[in-house]
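Data block below; observations after.
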């Protein structure tokens, strides 16, 4: 006797997310205010989770408006969730504004930035005027029945510029960029087809001569710095290393506690040490500006 096993049904995680988002009930104003306050003042993560979960449907709704740009819908939703979390981090409940109203702006902004970054391999732009053109140019062209994908007529260009309060040159540039198609850098060119477009790109790497010069300059600066540091006493060396030669410099107060002196005394010692280093630089290279030993005050 053969036992038949029913096939397992795997639920699409994206569909499961959408279903959960739409099923989560919305919040009343009082509950929303209480959750936002608990998160802001007490760091209550449970309150944050409940607050953001209630507005996942808002993320889905906003993301759906950007589907026609050809980007994966789950990615749009993910970017919208980032905007939702940013809104939760910055929301000030005492201002009396509904969280949903405030979050809508952050969700839309996050998704718009994602679309602009990924719609084309050529960065479209992120200024307010460029965003307005990118997201509204096609709509306005359809409104005036200009369905071509090429350049606008002078009359239509002036209409779009006036409607969006941007310059006509900006309108023309955006229309050209939206009409263009991205070209693969691996696409062949020439009669024999042996070359690729990427072969024509200029390298941004420094030349061998520049690399050698930079290496020598760095070694010389290190030599100068070592010689200059030898003129400082142990405490001065410690303060200069901790305050000027580290990426994450130590505060005056931290050094004061470490050395058992006041932070004002640390400042005085640091100033004295810097004066000694500048004097050493002048003796070594003549012009302190050329040595570049330590960050300026």
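The values are calculated or read from the model by the stated rules, or taken from the named source; none is laboratory data. The structure presented is a predicted model; accordingly, all values stated were derived computationally and were not measured. Here Cβ is always computed from backbone atoms with ideal geometry, including for glycine, and neighbour counts include all displayed protein chains.
Residue count for region 228-240 under the criterion of being loosely packed, with under 15 Cβ neighbours inside 10 Å and free of Cβ contacts under 8 Å to residues at least 24 places away in the same chain: the result is 3.
Only one of 91, 66, 73, 99 is in contact (Cβ under 8 Å) with a residue 12 or more places away in the chain, under 23 Å from the mean Cα position of the chain (by Cα) and closer than 27 Å to residue 30 by Cα; which?
Testing whether each residue is in contact (Cβ under 8 Å) with a residue 12 or more places away in the chain, under 23 Å from the mean Cα position of the chain (by Cα) and closer than 27 Å to residue 30 by Cα leaves just 91.
Scanning region 47-84 for residues that are modelled with pLDDT of 90 or more and surrounded by fewer than 15 Cβ atoms within 10 Å (Cβ to Cβ) turns up nothing.
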